[in-house]
Amino acid sequence: MINPYEMEHSHNSGRPMDTIEYKQSIQTTFDKVSSRYDQNSFFGISAKRLAALLPAADELHVLDISTGTGSVAIEIATRHRDARIEAIDLSREMLDIAATKAEQMKIPNIRFSQSDVDNLTYSAETFDVVTCGYAMFFYPDMEATYRTICRTLKPGGQLICSSFTQAAFNPYAELFLNRLKSDYELSLPAQIKDRLKSSQKWQALVETCAYDRLEIVEYPIRYPISVDDWWGLLNSAAYRSMLDQLQPDQLAAFKRDHTAEVAEISNNGTVELNADTLFCKVTL
């Protein structure tokens, strides 16, 4: 099983990617999907839920990592007008959209910058809160990156993250992957495909660093979409990295065959999208 943010660690040749190549593939994919990213409603729904978990305190200093198009950062800024928010991402295209959205909404208290979470330049104990929406499982050395993030938090600070559950995006994601594997022999996700899909896996990650309190809540996010909307989702999230491995004629055939099999289990062309999410709040 997989969600839209699980990416392959190898090319069609089977040669393992190194860390630099892997991060470049992430950056390239999200640059490509940036203009369509916000069409996926679950991002906005989960951003509101995540922002609601922040402490009710004045003048918070917040770091939003892998901010994407800024959904979480903007939601925090609207709830905490006096907060100072740093929002970082690898993708320049995503950041440009985020900055445009903030400008249009007249939100002045977010600074967007292109940065790698593994190369943070902030001093230790800088932030009251660090947030991370659907991205922790992307980081190649997730445990080391987690510890680096924790060092930027003040004593008593909070790290608030989200990840998809095991059931999210299925059964349609399974159909997608199975057809890619059977018809085109594409490389499938390896190391990160099962990361952070359960409370137990969050617990294991959190225990790699000293902490005071851990809260994990599962929140259902479900709504009807059309088969065409499902295909749009595949092209506006990290699934796109797999589709980009197909030649144009292969892509056309894959779209025809995959959308047909999803339509077969639909209700007159409508399916229920499951984007159920785990929210993890760690207090140091």
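The values are calculated or read from the model by the stated rules, or taken from the named source; none is laboratory data. This structure is a prediction, so every number in the text was calculated from the model and none was measured. As a convention, Cβ positions derive from the backbone with ideal geometry for all residues, glycine included, and neighbour counts pool all protein chains shown. Just so you know, the surface numbers come from the protein's heavy atoms only, side chains and all, with ligands and any DNA or RNA stripped out. Shrake-Rupley method; radii C 1.70, N 1.55, O 1.52, S 1.80 Å.
The table for this structure:
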| read-out | value |
| --- | --- |
| Accessible area per residue in Å² at 1.4 Å probe, computed on the stretch 45-131 | 46 Å² |
| DSSP-assigned coil residues among GluC sites (Glu not before Pro) in the stretch 23-123, each with at most 10 further Cβ atoms within 10 Å | Glu59 |
| Residues whose placed amide H lies under 5 Å from that of Asp64, excluding near-sequence neighbours | Glu86, Ala87, Ile88, Thr131 |
| Taking the chain and dividing mean pair separation by its residue count, relative contact order in percent (alpha carbons under 8 Å, at least six apart) | 26 percent |
| Inter-site label distance for Ala56 and Arg151 at 7 Å from Cα along Cβ, in nm | 3.6 nm |
| Shape category assigned to the chain from the gyration tensor of Cα positions, a/c cut at 1.5 | prolate |
| Loop GluC sites (Glu not before Pro), the stretch 194-239 (other Cβ atoms within 10 Å of the site Cβ: 11 or fewer; DSSP) | Glu207 |
| Accessible-area composition of the chain, carbon plus sulfur, in percent [1.4 Å probe] | 46 percent |
| Cut-off 15 Å between beta-carbons: net charge of the residues surrounding Asn268, Lys and Arg +1, Asp and Glu -1 | -4 |
| ³J(HN,Hα), Karplus 6.51/-1.76/1.60, whole Hz, each residue of the stretch 48-58, x for Gly, Pro | 4, 5, 5, 4, 5, 8, 5, x, 7, 10, 8 |
| Helix 142-151 axis, angle to the chain major axis (alpha carbon atoms, nearest 10°) | 20 degrees |
| Sequence-distant lysines (8 or more away, or on other chains) whose Cα lies within less than 29 Å of Lys23 | Lys32, Lys48, Lys101, Lys154, Lys181, Lys193, Lys197, Lys201, Lys255, Lys281 |
| GNM result for the chain, Cα springs below 10 Å: residue of Gln247, Gln166, Gln24 fluctuating most strongly | Gln247 |
| Sum of -39500 (n - 2.57) over DSSP H runs of 4+, divided by residues of the chain (222 nm, nearest 500) | -11500 deg cm²/dmol |
| Pair Lys106, Arg222: separation of 7 Å Cα→Cβ label points (nm) | 4.1 nm |
| The chain: most fluctuating residue of Asn40, Asn268, Asn235 per GNM, C-alpha cutoff 10 Å | Asn268 |
| Theoretical FRET efficiency, 1/(1+(r/R0)^6), r = Cβ-Cβ of Glu125 and Ala263, R0 45 Å, to 0.05 | 0.25 |
| In nm, spacing of pseudo-spin labels at Ala144 and Arg84 (7 Å Cα→C-beta vector) | 3.0 nm |
| Per residue value of the accessible surface for the stretch 181-278 (all protein chains in place, 1.4 Å probe), Å² | 51 Å² |
